[in-house]
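Working notes, beginning with the structure itself.
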Amino acid sequence: MNEIIKKNGVTYGIILGLFSVLFTTAIYVIDLKLFTSWWLGLVSFAIAITIGVVLVSKTKKQMGTMTFKEGFTVYFIAALIGTFVSTIYNYVLFNFIDTQAKETIKEITMKYTADMMQKFGTPAAAINDTMQKLAETDNYSLDNLLFGMAIVLVFQAIFGLILAAIFKSKSNQGL
């Protein structure tokens, strides 16, 4: 593997992970209700995308030319490291440092979900069923965090494929 790809992937992966840790910590410190805020999710997503674009662009500049595979690889390395750091931090924070916060977030999420379902006219039986399932679910268990990490990585891979296609060097063959 190219050293530039390895170095940039690891460096930006750590940057993504640290961003996620700081973002989560800020929400945790400011107000746990912000964990259900859709607009904060969009802000976090936009910042992560921006970091990814900067990463692939910078890597292409450093290498001179970049294949599709190289663009995808550097992005995916960073995404994997960043997502792993974020997942480990969430696991430690909510299972060892402050287990009560996990329960508070669950209560906030249940109230938010019930309110949204009522606004959309969902039948009471369906709301009650959903509330029971939410009450039984530990979103910060290792299994659920790893499942969430896998889902995030699938979306990251899709975005990485798009970025790699945009930033790959144009081929002179066949044209």
Query raised in the report: Here are some values of Cα extents along the principal axes in Å: [x] 62, 37, 26; [y] 42, 37, 32; [z] 80, 35, 34. Which one was computed from this structure?
Result: [x]
Requested in this report: Take the alpha-carbon centre of region 131-171, take the same for region 18-52, and report the distance between them in whole Å.
Outcome: 15 Å
Report summary line: Calc'd 3J(HN,Hα), region 25-40, phi into Karplus 6.51 cos²θ - 1.76 cosθ + 1.60 (θ = phi - 60°), Hz, glycine/Pro = x, comes to 5, 4, 4, 4, 6, 6, 5, 4, 4, 5, 5, 9, 7, 5, 6, 5
Report task. Enumerate the calculated ³J(HN,Hα) couplings along region 86-102 in order (Karplus 6.51 cos²θ - 1.76 cosθ + 1.60, θ = phi - 60°), each rounded to whole Hz, writing x wherever the residue is Gly or Pro. Result -> 4, 5, 4, 4, 4, 4, 5, 4, 8, 10, 10, 7, 9, 5, 5, 4, 4
Query raised in the report: Taking N as the number of residues in region 37-98, what is its alpha-carbon radius of gyration divided by 2.2 N^0.38 Å?
Result: 1.43
Query raised in the report: So what is the 222 nm mean residue ellipticity for the chain from helices alone, if each DSSP H run of at least 4 adds -39500 (n - 2.57) and you divide by all residues, rounding to the nearest 500 deg cm²/dmol?
Result: -28000 deg cm²/dmol
Query - Mean separation of Cα contacts under 8 Å (6+ apart) over length of region 1-158, as relative contact order % - result: 32 percent
Requested in this report: Would you please give the residues with an amide H less than 5 Å from that of residue 66, counting only those at least 5 places away or on a separate chain, with H modeled from the backbone geometry?
Outcome: 169
Requested in this report: Give the residue from 124, 94, 57 lying farthest towards the positive end of the charge dipole for region 51-151; charges sit on Cβ (+1 for Lys and Arg, -1 for Asp and Glu) and the dipole is referred to the Cα centre.
Outcome: 57
Report summary line: If the label point sits 7 Å along Cα→Cβ of residue 135, residues of region 110-127 with amide N under 17 Å come out as 110-115, 124-127
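No lab work stands behind these numbers, since they all come straight from the coordinates. Here the structure is a predicted model, which means the values were calculated and not measured. Quick reminder, even Gly has a Cβ in these numbers, built from the backbone with ideal geometry, and neighbours come from all protein chains shown.
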